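Here the structure comes first, spelled out in structure tokens, and everything after it is commentary.
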Amino acid sequence: MPRPSIIVLVLFFCGYSLSAQNNWEQKKNKDGIKISTRPSTRSAFNDIKVEMDLPGNIYQLASILMDADQYVQWSYSVEKSKIVKKINPSSFVYYMEVNAPWPVTNRDLYAELNISMDTVGHTLKVYTKGNKDFRPPGNDLVRIPYSNSTWSVSTVSGNAMHLS
């Protein structure tokens, strides 16, 4: 099974668009992780799509994602993370600062996260959209200008789920 830090690296920090549209070209299929790309209509960077099975259940994943203050404990290269605005029980705006290797400057991001859970169908939808204008960038940081992701998570068994 892939490590959570790999998932976060791929899904949160790339600033790419994740969605379930067509025209994807598979680039890699290794260790149970499928990565596909396609040209983006909104960015010079390609869109990226990731599919994988993960241990755990949708309730555990939702709990981890709703605790943005703890992203620094498990997210790759995250130096700071905090919830800055609670919208409702399943939605908030969070701030994150990501450590980038020299000579690249560290990045920061404000994003709104929304979670929609279907307890009957045992599925989870996670939507994250960056907001580059929420607050001004921090000193010596580069604002991630575009970030948009959609996760579809379905239950495979009582202790496994599929993310796409």
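What the table shows:
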{"item": "Residue among K28, K85, K34, K49 that alone is in a strand (DSSP E or B), touching a Ser or Thr at 6+ places or on another chain (Cβ under 6 Å) and among the basic types (K, R)", "result": "K49"}
{"item": "First in the range 29-42 and closer than 15 Å to H162 by Cα and among the basic types (K, R), second anywhere and modelled with pLDDT of 95 or more and assigned to a strand (DSSP E or B), Cβ under 6 Å, 6 or more apart", "result": "K34/E51"}
{"item": "D133 vs. criteria over 24 Å from S152 (Cβ atoms), exposed (fewer than 14 other Cβ atoms within 10 Å of the Cβ) and of a type in the set (D, E, K, R)", "result": "yes"}
{"item": "Which numbered condition I83 fails, given (1) at pLDDT below 95; (2) under 17 Å from the mean Cα position of the chain (by Cα)", "result": "(1)"}
{"item": "All positions within the range 62-121 that are over 17 Å from V153 (Cβ atoms) and among the acidic types (D, E)", "result": "D69, E79, E97, D108, E112"}
{"item": "Residue satisfying all of: in the range 139-153; among the β-branched types (V, I, T) and within 12 Å of R107 (Cα to Cα); modelled with the lowest pLDDT among these", "result": "I144"}
{"item": "Failed condition for A62, given (1) surrounded by 17 or more Cβ atoms within 10 Å (Cβ to Cβ); (2) closer than 27 Å to T41 by Cβ", "result": "(2)"}
{"item": "Condition met for Y110 (out of contact with any Asp or Glu (no Cβ under 7 Å at 6 or more places or on another chain), surrounded by 14 or more Cβ atoms within 10 Å (Cβ to Cβ) and assigned to a helix (DSSP H, G or I))", "result": "no"}
{"item": "Every residue from the range 78-99 that is farther than 15 Å from S147 by Cβ and in contact (Cβ under 8 Å) with a residue 12 or more places away in the chain", "result": "E79, K80, K82, I83, V84, I87, S90, S91, F92, N99"}
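The values are calculated or read from the model by the stated rules, or taken from the named source; none is laboratory data. Small disclaimer: the values here were computed from a predicted structure and weren't measured. Virtual Cβ from ideal backbone geometry, glycine too; neighbours counted across all protein chains shown.
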